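One structure is given below, encoded as structure tokens.
The values are calculated or read from the model by the stated rules, or taken from the named source; none is laboratory data. Because the structure is predicted, anything quoted here is derived from the model rather than measured. Positions of Cβ are generated from backbone atoms using ideal geometry, with glycine treated the same way; all protein chains shown enter the neighbour counts. In case anyone asks, the SASA skips ligands and DNA or RNA and just uses the protein heavy atoms, side chains included. Shrake-Rupley method; radii C 1.70, N 1.55, O 1.52, S 1.80 Å.
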Amino acid sequence: MTKKVLVLLGSPRKKGNSAILAAQITRGAKTAKAKVETIYLHGKNIAPCKACFACQKKNSKGCSIPDDMQELYPKLIEADAWVIASPVYWFTVSAQTKLFMDRCFALPAYGNDPFKGKRIAVAMTYGGDNPFDSGCVNALRTFQDAFGYIEAKIVGMVYGSAMDAGEIRANQKVMQEAIELGKKLASGG
Ligand SMILES: Cc1cc2nc3c(=O)[nH]c(=O)nc-3n(C[C@H](O)[C@H](O)[C@H](O)COP(=O)(O)O)c2cc1C
């Protein structure tokens, strides 16, 4: 069956390093016949969660904030797999990515068991030399804890060091790993 993959770009740089890795994952997923849609989070109006808990109430109609997350919720529910691409900003994920993740708190109001079995791929880029002291590992651990908690399945994570937009292309190993991750994301499960 054709898998639906939703790619969420968490960098303001539309053609930046994390977006390039996400594009490689997309290439791989498409060779496995997936239908892929890409969302550029920075171009969306997404407010921070205001902790009103309207989404957690019995028979909730969903998140009370009338912004662009409302068009994303059904897409997030419908997708078999998500690709989350983020740069490391100040030793963790970008603010755009974090806003999006916080607002996923409301997803259970839009569908039963919205995370269970969801297949996840993560693409991350960072400017430092070392994933351990640049914040990359910290950010990856955030995804591990979050998706472990909601019982989604992390199929794989690709990450590499690059500072200027496009620099990641020189890292042939991670570019290839990203294609392979896309294939795996769209074929298993
Ligand atoms: C505001 C800001 C904060 C950053 N913080 C970090 C950091 O904490 N650690 C790091 O290794 N690189 C940091 N970087 C560098 C980016 O992670 C790096 O350039 C990355 O490749 C950008 O990905 P992109 O092209 O997808 O935006 C930062 C860059 C910016 C603009």
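Quick notes
- Here residue 32 meets the list (1) touching a residue at least 40 places away in the same chain (Cβ under 8 Å); (2) aliphatic (A, V, I, L, M); (3) in contact with a Cys (Cβ under 7 Å, 6 or more places away or on another chain) almost entirely, failing just condition (3).
- Here residue 77 does not fit the description of being in contact (Cβ under 8 Å) with a residue 60 or more places away in the chain and of a type in the set (Val, Ile, Thr).
- Residue 137 fulfils the conditions (1) part of a helix (DSSP H, G or I); (2) touching a residue at least 24 places away in the same chain (Cβ under 8 Å); (3) within 16 Å of the ligand (Cβ to nearest atom) except for a single criterion, (2).
- Residues (touching a strand residue (DSSP E or B) at 6+ places or on another chain (Cβ under 6 Å), open to solvent by 60 Å² or more (accessible area, probe 1.4 Å) and within 16 Å of the ligand (Cβ to nearest atom)) located in the stretch 66-108: none
- Note on the stretch 116-134: among residues that are part of a loop (DSSP other than H, G, I, E, B) and more than 13 Å from the ligand (Cβ to nearest atom), the one that is most open to solvent (accessible area, probe 1.4 Å) is 116.
- Some residue of the stretch 174-185 being assigned to a loop (DSSP other than H, G, I, E, B) and open to solvent by 50 Å² or more (accessible area, probe 1.4 Å): no
- Taking the stretch 29-53 as the range and being of a type in the set (Ser, Thr, Tyr) and either modelled with pLDDT under 95 or open to solvent by 60 Å² or more (accessible area, probe 1.4 Å) (or both) as the test, the residues that pass are 31, 38.
- Selection status of residue 18, in a loop (DSSP other than H, G, I, E, B), modelled with pLDDT of 95 or more and surrounded by 14 or more Cβ atoms within 10 Å (Cβ to Cβ): no
- Members of the stretch 88-113 that are assigned to a helix (DSSP H, G or I), of a type in the set (Gly, Ala, Ser) and either under 17 Å from residue 7 (Cβ atoms) or touching a helix residue (DSSP H, G or I) at 6+ places or on another chain (Cβ under 7 Å) (or both): 106, 109
- Failed criterion for residue 26 (all others in (1) open to solvent by less than 60 Å² (accessible area, probe 1.4 Å); (2) hydroxyl-bearing (Ser, Thr, Tyr); (3) in contact with a Leu (Cβ under 8 Å, 6 or more places away or on another chain) hold): (3)
- For the stretch 161-186, the tally of residues that are within 14 Å of the ligand (Cβ to nearest atom), more than 16 Å from the chain's Cα centre (by Cα) and touching a residue at least 12 places away in the same chain (Cβ under 8 Å) stands at 10.
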